[in-house]
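Asks: Below you will find the structure I want to go over with you.
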Amino acid sequence: STMRKRKTTDSPHSSTDLSEGKEKLRLKQEVGLISGASLIAGTMIGSGIFMSPEWVLHHMGSPASSLLIWAACGLLAMFGALSYAELGTIIKESGGEYIYILRIFGSFPAFLFAYTSVILVRPAGLAAVCLSFAEYAVAPFYPGCSSPQVVIKCTAAACILLLTVINCLNVRLAMSIMNIFTAAKLLALLVIVVGGVVLLAKGQTQSFQNAFQNTTAGIGAVGVAFYQGLWSYDGWNNLNYVTEELKKPEVTLPRAVMIAIPLVTCLYLLVNVSYLAAMTPSEVLSSGAVAVTWGDKVLGSWAWLISLSVALSTFGSSNGTFFSGGRVCYIAAREGHMPDILSMAHVRCLTPSPALLFTSAISLIMIISGSFTSIVNFFSFIAWFFYGMTISGLLYLKIKKPELPRSYKVPIIIPIIVLMAAVYLVLAPIIDQPQIEILYIVLFIFSGVILYFPLVRFKCHPRFLQRLTLHLQLFLEVAPTTRDAN
């Protein structure tokens, strides 16, 4: 059987008693239904809906086909999240794809996922969102000209440091900030939706006449348009990263998904209709930031509200990305795939502070080293490769292990559709327009082999690492944790 048995006894990586007779340290279960739905919606609604519409339209060629892509992306995110909800009720551990790949396929593929995610994907995604936050936040101080790169990078770095402090101090504080910013960004999207309804009522429907004209039909173009749209939906799987911190995960996980994703999909479609009501397709394509151009046209002197909304939205999204990204690093360390220090939690705050500090350090390096213009396509390529692997694991469990207890079941056709979409999204751009960068990414993923065998399989740990771990433990006031034995 390839389904790996969960350890009911504690491994050296997963827990240690703080002292004889004392209670074991664990993360608190503080994420309820509202916070769960807010974490999904709040991470999904980032900079994407304010930036991506022009690129989806660019690749698809017509307004109607671009709206179809937005609807299809929402449906795919919903199907993916429902499939993950079943996985989350079978394997009730935090860590998302990492823990599912580990329990179903074993240690080696799980290590490759953790290595790629912790070193490249999560910090790069966080850095990209923080850079777009910084761009909008400093724009009002440089009217009529582009903001200096050094100011943007310093603001993005300050954003990451602030998020680190918030998330290291208190889970409840991080979730409260998530809830507040989610409410603010939903309000901003509602302003755009209402503006669009008013414009349509006045008869501004020229963008929707002959709406399918100039539609692109190329397999690669549709794949890349999906990448751009799905970037805006990224975060649909975020609740699976914090399963152990959910109150009643078997109920909260599916319900939060069913509330958050349809809400975001409807908003995205209405916002795109509003953009096209205010601007012609050619104006959308020539706009650097669609939401700001929309604000200038519709709100006039109140256009600054949109820039403020986008800045708030991206800050809230980066908080969600950071909150879940730190958990992957923490869980991987707890399973022995990362240094032990990253599996520890603060003795008073009960947050995985070493993992959060590590994630923020790599994100800061990425901010300093460059910009992220092509990150969306490469981020999506890696993400959908591992999403496909995870969904194939669910199909394996449904067919081979139907007896496993699960409080929620998704119809088998849904994960099959998600798996087919994942295969298409990984292969279509490679077949249509092969790019050397994708080869670099594949080489990076498999460079993990060099680290896996000596450090994980044969456990060749240099003596100085143990001394360093002890010193860091004392300095950071952290101790090993135990998992919930659900």
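The values are calculated or read from the model by the stated rules, or taken from the named source; none is laboratory data. Given the structure is predicted, the values throughout are model-derived calculations rather than measurements. Here Cβ is always computed from backbone atoms with ideal geometry, including for glycine, and neighbour counts include all displayed protein chains. Each accessible area value is taken on the protein alone, full model and side chains, heavy atoms only, with ligands, DNA and RNA left out. Shrake-Rupley method; radii C 1.70, N 1.55, O 1.52, S 1.80 Å.
Asks: Which angle from 0 to 90°, rounded to the nearest 10, does the C-alpha axis of helix 219-233 make with the longest principal axis of the chain?
Replies: Orientation of helix 219-233: about 70 degrees from the principal axis.
Asks: Can I ask one more? Would you mind getting me the FRET efficiency between N214 and L269? Use the beta-carbon distance for r and R0 = 25 Å, nearest 0.05.
Replies: That pair, N214 with L269, gives E of 0.75.
Asks: Still on this structure: Considering the Cα positions of the stretch 338-444, please state its Rg to one decimal place and its Dmax as a whole number of Å.
Replies: Reported Rg and Dmax, both Å: 18.9, 53.
Asks: If packing is taken as the average count of other Cβ atoms within 10 Å, what order do 243-252, 293-302, 335-344, 427-436 fall into, highest mean first?
Replies: Working: 243-252: 20.4, 293-302: 16.3, 335-344: 23.3, 427-436: 13.8.
In descending order of packing, they fall as 335-344, 243-252, 293-302, 427-436.
Asks: What spacing in nm lies between the two simple spin-label points modelled at V423 and L451, each 7 Å away from Cα in the Cβ direction?
Replies: The modelled label-to-label distance comes out at 3.1 nm.
Asks: So what is the calculated 222 nm ellipticity per residue for the chain, using -39500 (n - 2.57) for each DSSP H run with n of 4 or more, over all residues, to the nearest 500 deg cm²/dmol? Spell out each step's value before the answer.
Replies: Working: 20 runs with 323 residues, N = 486.
The helix contribution divided over the chain gives -22000 deg cm²/dmol.
Asks: In addition: Which far-off residues, 5 or more places away or on another chain, put their amide H under 5 Å from the one on A345, with H placed in the peptide plane?
Replies: Placed amide hydrogens put A479, T481 under 5 Å from A345.
Asks: Next question, about the same structure. Once R0 is set to 22 Å, what does the formula 1/(1 + (r/R0)^6) return for the Cβ-Cβ distance between Q149 and I436, expressed as a FRET efficiency to the nearest 0.05? Numbers along the way, then the final one.
Replies: Values: r = 26 Å, r/R0 = 1.16.
According to the calculation, E is roughly 0.30.
Asks: In whole Å and largest first, what semi-axes does the C-alpha gyration tensor of the stretch 197-291 yield when each eigenvalue is scaled by 5 and square-rooted? Before the final figure, lay out the partial values.
Replies: Values: eigenvalues 231, 65, 26 Å².
Calculated on Cα positions only, the semi-axes equal 34, 18, 11 Å.
Asks: In nm, to one decimal, how far is the L468 label point from the S286 one, both placed 7 Å along Cα→Cβ?
Replies: My value for the distance between the label points is 5.5 nm.
Asks: Could you order C349, C159 by accessible surface area, starting with the largest, using a probe radius of 1.4 Å? Could you put the intermediate results ahead of the total?
Replies: On the way: C349 45, C159 5 Å².
Highest to lowest solvent-accessible surface, that is C349, C159.
Asks: Taking R0 as 41 Å, what FRET efficiency do you get between L187 and A361 from their Cβ-Cβ distance, rounded to the nearest 0.05? Provide the component values of the computation, followed by the final result.
Replies: Details: r = 34 Å, r/R0 = 0.83.
In this case the efficiency is close to 0.75.
Asks: Over the chain, with the other protein chains present, what is the accessible area per residue in square angstrom, probe 1.4 angstrom?
Replies: On the way: 20220 Å² over 486 residues.
Per residue, the chain has 42 Å² of solvent-accessible surface.
Asks: So, one more: Can you give the relative contact order of the stretch 100-160 as a percent, counting alpha carbon pairs under 8 Å and 6+ residues apart?
Replies: On the way: 29 pairs, mean separation 17.4, N = 61.
Reported as a whole number, the value is 29 percent.
Asks: Over all distinct Cα pairs, what is the inverse of the mean 1/r for the stretch 35-479, reported as the Kirkwood hydrodynamic radius in Å? If you can, show how the numbers build up before the last one.
Replies: Values: mean 1/r = 0.0446 Å⁻¹.
With all distinct Cα pairs of the stretch 35-479 included, I get 22.4 Å.
Asks: Expressed as an acute angle from 0 to 90° and rounded to the nearest 10, what is the orientation of the C-alpha long axis of helix 171-201 relative to the principal long axis of the chain?
Replies: In the chain, helix 171-201 runs at an angle near 20 degrees to the longest axis.
Asks: Let me have the relative contact order for the stretch 35-479, percent, based on Cα pairs under 8 Å that are six or more residues apart.
Replies: Details: 662 pairs, mean separation 149.3, N = 445.
Rounded, it is 34 percent for the stretch 35-479.
Asks: What is the count of Lys pairs in the stretch 35-479 whose alpha carbons sit under 28 Å apart, if the two are 8 or more places apart or on different chains?
Replies: For the stretch 35-479, qualifying lysine pairs total 23.
Asks: Rank Y396, Y136 by accessible area, highest first, at a 1.4 Å probe radius? Can you show the working numbers first?
Replies: On the way: Y396 60, Y136 20 Å².
The residues order as Y396, Y136, largest area first.
Asks: List residues of the stretch 237-276, by number, whose backbone nitrogen lies under 18 Å from a label position 7 Å along Cα→C-beta of T205.
Replies: Of the residues in the stretch 237-276, 270-276 have backbone N under 18 Å from the label point off T205.
Asks: Next question, about the same structure. What percent does the relative contact order of the stretch 39-140 come to when contacts are Cα pairs within less than 8 Å and at least six residues apart? Show your work: numbers first, answer last.
Replies: Working: 24 pairs, mean separation 22.1, N = 102.
Across the stretch 39-140, relative contact order equals 22 percent.
Asks: Have a look at W302, F322, L246 and report the one farthest towards the positive end of the charge dipole of the stretch 179-322, computed about the Cα centre with Cβ charges (Lys/Arg +1, Asp/Glu -1).
Replies: Going by the Cα projections, it comes out as W302.
Asks: Something else: For the stretch 314-328, what does the Karplus curve 6.51 cos²θ - 1.76 cosθ + 1.60, with θ = phi - 60°, yield as ³J(HN,Hα) per residue in whole Hz, taken in order and with x for Gly and Pro?
Replies: So the Karplus estimates, Gly and Pro as x, are 5, 5, x, 5, 5, 5, x, 4, 5, 4, 7, x, x, 5, 4 Hz.
Asks: Two decimals is fine: what's Rg over Rh for the stretch 54-171, C-alpha atoms, Kirkwood radius as Rh?
Replies: Values: Rg = 19.5 Å, Rh = 18.1 Å.
Ratio value, two decimals: 1.08.
Asks: Just the accessible area for L476, please: 1.4 Å probe, Å², rounded to the nearest 10?
Replies: 40 Å²
Asks: Taking the Cα-to-Cβ direction at A71 and at D296 and moving 7 Å from each Cα, how far apart do the two end points lie in nm?
Replies: 3.2 nm
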